[in-house]
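A.B. asks: Pasting in a structure now, in structure tokens, and then I'll have a few things to ask.
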Amino acid sequence: MVSTDIMSFSTFDRETVNAPDLCSLCRAKAASLRYAVSSSDDASQKLNGYCCSDCASNLVTALEQRQRSQIGVVQGVFYA
Ligand SMILES: [Zn+2]
């Protein structure tokens, strides 16, 4: 059985969460969402951090591409 990737986004309270000011992916826009990626294989989170809405959109696109190709596209996009 092929594992599936689970991606989630949430808002956060900047007053109570020690989040970076800038998106940790593009470092150009303000971080506005918290993202988390995990696998159906195990409950542990592979990646998580804070990103802007543009990068959130890119992550969803990368997830779709990964679903199609089943290669490490998501990792490539995160660290490109
Ligand atoms: Zn960004």
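The values are calculated or read from the model by the stated rules, or taken from the named source; none is laboratory data. All values derive from a computational prediction rather than experimental measurement. Using ideal geometry, Cβ is built from the backbone for each residue, glycine included, and neighbour counts are taken over all protein chains shown.
A.B. asks: Can you name every residue in the stretch 1-34 that is of a type in the set (S, T, N, Q) and touching a Cys at 6+ places or on another chain (Cβ under 9 Å)? Spell out the reasoning first.
C.D. replies: Residues of the stretch 1-34 that are of a type in the set (S, T, N, Q), as a first pass: 3-4, 8, 10-11, 16, 18, 24, 32.
Those that are of a type in the set (S, T, N, Q) and touching a Cys at 6+ places or on another chain (Cβ under 9 Å): Ser24, Ser32.
A.B. asks: Across the stretch 35-52, what is the number of residues that are touching a Cys at 6+ places or on another chain (Cβ under 6 Å) and assigned to a strand (DSSP E or B)?
C.D. replies: Matching residues across the stretch 35-52 total 2.
A.B. asks: Can you name the condition, by its number, that Gln67 falls short on among (1) away from the ligand (no atom under 16 Å from the Cβ); (2) part of a strand (DSSP E or B)?
C.D. replies: (2)
A.B. asks: Return a yes/no flag: does the stretch 25-38 have any residue that is loosely packed, with under 12 Cβ neighbours inside 10 Å and either away from the ligand (no atom under 16 Å from the Cβ) or of a type in the set (Asp, Glu) (or both).
C.D. replies: no
A.B. asks: Looking at Ser8, Ser40, which is the one that is among the polar types (S, T, N, Q), under 18 Å from Leu63 (Cβ atoms) and at pLDDT 90 or above? It would help to see each step written out before you state the result.
C.D. replies: On the way: Ser40 fails: at pLDDT 90 or above.
Step by step, each of Ser8, Ser40 is checked, and only Ser8 is among the polar types (S, T, N, Q), under 18 Å from Leu63 (Cβ atoms) and at pLDDT 90 or above.
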